Every structure is written in C-alpha cells, then in structure tokens.
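J.: The structure that follows is given in the form of structure tokens.
The values are calculated or read from the model by the stated rules, or taken from the named source; none is laboratory data. Keep in mind that what you see is a predicted model, and the values were worked out from it rather than measured. Don't worry about glycine lacking a Cβ; one is built from the backbone with ideal geometry, like all the others, and counts go over all protein chains shown. To get the accessible areas, we keep the full protein, side chains included, count just its heavy atoms, and leave off ligands, DNA and RNA. Shrake-Rupley method; radii C 1.70, N 1.55, O 1.52, S 1.80 Å.
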Amino acid sequence: MVALEEATQWLADYHQLQARHGLDGTALLDNALTPANREQPPLFSLAQLLANPDLLQRQVREDYPDADHPRLRKARLSVLHQSLALQIIGPLVIRLFRDGSSAALDPRRVFLCPTTSTPADPSRWQYAASKQEILEPEAFIRILNEQMQDWYGVFRQHFGVSPGAYWSSVGLALGAPYSVVWNRVNPAELCKQADSWLAQFKCEANRYIDWIPAEFGQQWCAIPQRKGCCLKYLLPGGGYCGTCGIYRKERIS
C-alpha cells in the first residue's frame, strides 16, 4: 500500500519539475480546473447508474438516434465512460496535485446532466461541490483504486466497454496533472514521473497508458499514449484521439 510519505513526495517532485522550468505549478493547475455550470436538473447520478445500468442504456438511445446500431451504441457508451473519467476523475487528481488533498469520488454526487451548450453531446458529467469528504493522498489513491476496479464490471458487462478502453481512459484521467504541462517541461523527466505515478494504482490503468517523448512542430514534448481504443473514431465527426496508440499513424498523418 502507498505510504503517505511516498504520495506526498510524488506531489513535491511534480512541483519541483515545474519550478526548474520557471513555471508556477499551482497557477497552471488552477487554470486547468474550469468547472462547467449545471444547465438543467440532472438526469441521474452515477450511483443510480451503477445500481441500474439500464438508465444509461435508455439515455443513450434517447440522445443518439444512431445508438440503435449495436456497434455505434457501444462506441457511444465507451466515449461516455471516457468523458466520465476526464470530466470527473481528472479534475479530482489535479486538485490532489494542487492542494495536497482532494475530494473523495462520491458516486452519489456525480450526475449526468443535460446541456444545451454542446449540441453534439447532449449531456455531460457534473460533480456536486457541496459536502465533499476531503482525503489525504494515501487514502485518495487507495479508495480511487478500489472504485475503478469495482466499477469495471458494470462498464464491461452491461455496456460492453473493452478492458483497453476502460483502463486507458482511467489512466488518462489519473495522469491529468501531467497532461497540463505536456509541452512545458523536460519530456523525459515528465514521462518518468507520470509512469511512476500511474504505477502506484494497483489496477490495470498503468498497463494501458504509456507516457512517451514525441516531437511535434520541431518541439519535443511528452504525450500519454493509449493501448486501448475508446472507439470515438466510429462516431460522426469523431476522428482519432490525440492519445490513440492503436491508430497512431492515422492521427499523426
């Protein structure tokens, strides 16, 4: 199990890396946390979804006419899981790196809400800000690790999200603080730190994300590369994710 001293050392290493490059880590993480306002009453909570998966199946069919096609329905559900990871888990991890502690991921306070601001995606995940339990790094890592393993069965068995898609989306979210500075610090150091951080989560996420140095526009940077496809490319206007390792040739060309 992760010791408190080890967890706080990873946070210190992260801020020291930025400081060596003249960056204000706290300010950068502040800018990365831009919570969206809830536009309408929620459809249901994540806790309700986990207890009754049919809620999400019905909502996807209602929101997306193409979801009658089994392959596209699977892609929609996979991308919705990716959104859950990036919109909810990622910001909680960023808060941990910024503050040294973070709110617990309480599924009773995570809601799928209708939105009118993004017509292509008629709903998005929101986290209720009130009455949050604050966890120190050791407890945050342990509890989040357990949740990701517990929830895997629902997304795999009921929604058909593949192991690679599920765990690589989780891995992207866990590495969110490193994505904030992907092109701002030494890429080799960043990749080493990010890989070490992911290795502390005793789940499959660390197997499905590799942080690699890459050159874009004559600038070296660090990028997280998935080992599982979220299937977004199947959707109208979906294209290839910038982190896709399976369709790397297509998304770089």
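J.: List the residues, sorted by chain then number, that are 5 or more residues from SER123 or on another chain and whose placed amide H is less than 5 Å from its amide H.
T.: THR115
J.: Right, something else. Summing +1 for each Lys or Arg and -1 for each Asp or Glu, what net charge is found among the other residues whose Cβ lies under 15 Å from the Cβ of TRP220?
T.: Cβ neighbours under 15 Å give a net charge of 0.
J.: Would you kindly derive the ³J(HN,Hα) couplings of segment 88-95 from the backbone phi angles with the Karplus curve 6.51 cos²θ - 1.76 cosθ + 1.60 (θ = phi - 60°), listing them in order in whole Hz, with x for Gly and Pro?
T.: So the J values, rounded to whole Hz, are 10, 5, x, x, 5, 5, 4, 4.
J.: On to the next question. Using the Cα centre of segment 100-232 as origin and beta-carbon charges of +1 (Lys, Arg) and -1 (Asp, Glu), tell me which of GLN193, TYR166, TYR178 is placed farthest towards the positive end of the dipole.
T.: TYR166
J.: List nothing, just return the count: lysine pairs in the chain, 8 or more apart or interchain, with Cα separation under 30 Å.
T.: 13
J.: Right, another one. Note down the relative contact order for the chain as a percent, whole number, built from C-alpha pairs under 8 angstrom at least six residues apart.
T.: Relative contact order for the chain comes out at 21 percent.
J.: Taking the chain as the reference, fit the longest principal axis to its C-alpha atoms, fit the long axis of helix 70-84 to the helix C-alpha atoms, and give the angle between the two in degrees, 0 to 90, nearest 10.
T.: 40 degrees
J.: Using protein chains only and a probe of 1.4 angstrom, how many square angstrom of LYS232 are accessible, to the nearest 10?
T.: Approximately 80 Å² of LYS232 is accessible to the 1.4 Å probe.
J.: Something else: Round to a whole number: what % of the accessible area of segment 89-240 belongs to carbon and sulfur, probe 1.4 Å?
T.: Whole-percent figure for carbon plus sulfur exposure: 48.
J.: Sticking with this one: Quick check: the distance between the Cα centres of segment 200-241 and segment 79-152, to the nearest angstrom?
T.: 20 Å
J.: Continuing with this model, one more query. Which values, in whole Å and largest first, are the semi-axes of the equivalent ellipsoid of segment 184-226 obtained as the square root of 5 times each eigenvalue of the Cα gyration tensor?
T.: 22, 11, 5
J.: State whether segment 28-250 is rounded, prolate or oblate according to the following rule on the C-alpha gyration tensor (a ≥ b ≥ c being the square roots of its eigenvalues): a/c under 1.5 gives rounded; otherwise a/b larger than b/c gives prolate, and the remaining case gives oblate.
T.: oblate
J.: Return one number: the angle in degrees, 0 to 90 and rounded to the nearest 10, between the long axis of the Cα atoms of helix 187-198 and the longest principal axis of the Cα atoms of the chain.
T.: Its long axis makes an angle of about 60 degrees.
J.: Right, another one. Using the crude model of +1 on Lys and Arg Cβ and -1 on Asp and Glu Cβ, and no other charge, please compute the dipole size for segment 28-250 relative to its Cα centre, in debye to 20.
T.: Value, rounded to 20: 360 debye.
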